[in-house]
Amino acid sequence: MTKSKTANRYSPEVRARAVRMVFEHQGSYETQAGAIAAIAPKIGCIPQTLREWVKQAEKDSGMRDGVTTEERDRIKALEREVRELRQANEILRKASAYFCSGGTRPPTETMIAFIDDQRVVYGVESICRVLPIAPSTYYHRLACQADPSKASARQQRDTDLRPEIKRVWDENYQVYGVRKAWHQLKREGYTLARCTVERLMKQIGIRGAVRGKVVKTTIPDTSAPCPRDKVNRIFRAPAPNLLWVSDFTYVSTWQGFVYVAFVIDTFADRIVGWRVSRSAKTDFVLDALEQALHDRRPVQKSGLVHHSDRGGQYLSIRYTERLAEAGIEPSVGSVGDSYDNALAETINGLYKTELVHRQGPWRNMQDLELATLGWVDWFNHRRLLGPIGNIPPAEAEENFYAQRDVLDMVA
């Protein structure tokens with residue numbers, strides 16, 4: 001039944017009175033139609049309209065077959081509910097694909113972007129009824145985008161901090177997590193809470209690098225004589241050039257495996273020597289040692305200890321003779337226990353996580369060597385290390401020598 005455009009012009013009381021008058025006075029006319037034709041003009045409606053009211057009243061009272069007013073209202077309510085549920089399901093289906101791994105409650109900015117994308121189809125209020133966001137929140141964000149001065153102090157500060165956090169993350173090989181990014185921003189003069197950095201990094205969609213499974217690369221040489229362990233898992237020297245640790249790892253390239261060796265000064269975990277080679281023979285770990293000796297120039301018989309695992313390269317005659325020639329005491333951990341060379345294993349793990357895995361695959365040794373050069377420079381001069389106070393290794397050594405000079409002047 002088509003709804004009349006003028007149906008709402010008449011109140012329910014007027015309709016009920018008109019129908020009652022038809023029933024009461026239809027006996028005075030030859031037919032009910034005659035009564036309707038006489039009463040309708042006096043009410044201000046056409047006879048057809050009054051006839052429909054009468055028919056509906058007869059259905060409601062059981063005098064005529066058909067759908068009663070109560071049943072019709074119930075059907076309309078159910079149809080409206082079905083339409084709303086279908087629309088809600090469609091909104092949720094699109095939202096689930098839009099938000100992906102957004103958690104139990106997606107970020108507000110993501111929900112606002114979704115509303116912007118779908119508001120023409122469903123309307124703002126319809127979407128907000130389904131999503132956990134109020135229409136006022138959406139309209140407030142629109143107002144803030146049009147006029148940033150309307151945003152709260154926190155929102156304005158967040159707007160300023162987001163690009164800075166992203167910059168710190170990009171400038172540091174995209175490996176910094178919340179803690180490192182927070183410390184770096186504080187070093188640059190920003191005053192903010194750690195939870196603020198965590199919240200904004202989540203909004204931006206960035207996260208720190210996560211270390212994977214450690215791969216065993218040491219092949220022990222049980223036949224070679226082995227120095228005793230002089231470190232006993234104490235990998236923090238009180239000054240530079242007192243304890244070096246060495247180890248190497250491998251990297252897969254399109255042209256085969258490439259091996260990378262590191263020599264680390266344990267005072268500030270500074271990489272003092274490194275070498276990339278296609279061969280895992282003694283020459284390449286010896287080259288890393290030579291670089292460390294040339295860069296650090298340790299004093300003969302100064303108590304410098306060189307610690308490594310039981311790999312055949314580090315127990316070779318050429319390597320031990322070079323240590324003796326430089327006046328360095330050798331130290332070797334036990335077999336098959338990575339904890340006895342844990343610091344070197346940690347540097348290897350950071351190298352794999354922060355450079356190899358994130359920027360690979362690698363075409364050849366030359367590409368890896370150039371990238372390693374940049375990573376070592378960043379690691380020594382700009383990467384923040386927690387064990388030494390969240391400062392770079394080079395800065396930690398500079399602070400040590402500056403403090404020593406001050407003490408010498410006082411003495």
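Taken together, the values in this text are just the output of simple stated rules run on the coordinates, not laboratory data. Every value quoted in this text rests on a predicted model; they were computed, and no experiment measured them. Glycine also receives a Cβ, built like all others from the backbone with ideal geometry; neighbour counts cover every protein chain displayed.
Things to note:
- Inter-label distance, Ala394 to Asp408: 2.2 nm, where each label sits 7 Å from its Cα along the C-beta direction.
- Among the GluC sites (Glu not before Pro) found in the stretch 108-212, those both in a DSSP coil and sparsely packed, with 10 or fewer other Cβ atoms within 10 Å of their Cβ, are Glu188.
- Each label was represented as a point 7 Å from its Cα along the Cα-to-Cβ direction; for Ile206 and Lys301 these points are 5.3 nm apart.
- The order of Ile91, Ile127, Ile264, going from fewest to most other C-beta atoms within 10 Å of their C-beta, is Ile91, Ile127, Ile264.
- Between Val121 and Glu79, the C-beta separation translates, for a Förster distance of 30 Å, into a calculated FRET efficiency of about 0.90.
- Contact order, relative form, for the stretch 243-405: 23 percent (alpha carbon pairs under 8 Å, 6 or more residues apart, mean separation divided by residue count).
- Normalised by residue count, the stretch 152-204 yields a Cα convex hull volume of 70 Å³ per residue.
- Relative contact order of the chain, taken over Cα pairs closer than 8 Å and 6 or more residues apart, is 11 percent.
- The overall shape of the stretch 12-66, judged from the alpha-carbon gyration tensor, is oblate: a/c is not under 1.5, and a/b is no greater than b/c.
- At R0 = 22 Å, FRET efficiency that the Cβ-Cβ distance of His381 and Arg162 yields, to 0.05: 0.25
- Fewest-first ordering of Cys128, Cys195, Cys144 by other beta carbons within 10 Å of each residue's beta carbon gives Cys195, Cys144, Cys128.
- With contacts taken as Cα pairs under 8 Å and at least 6 residues apart, the stretch 337-411 reaches a relative contact order of 14 percent.
- Peptides ranked, highest mean first, by Cβ atoms within 10 Å: ranges 339-345, 309-315, 40-46: 309-315, 339-345, 40-46
- Note that the stretch 253-323, at 25 °C in a medium of 0.890 mPa s, gets a Stokes-Einstein diffusion coefficient of 189 µm²/s from its Kirkwood radius over C-alpha pairs.
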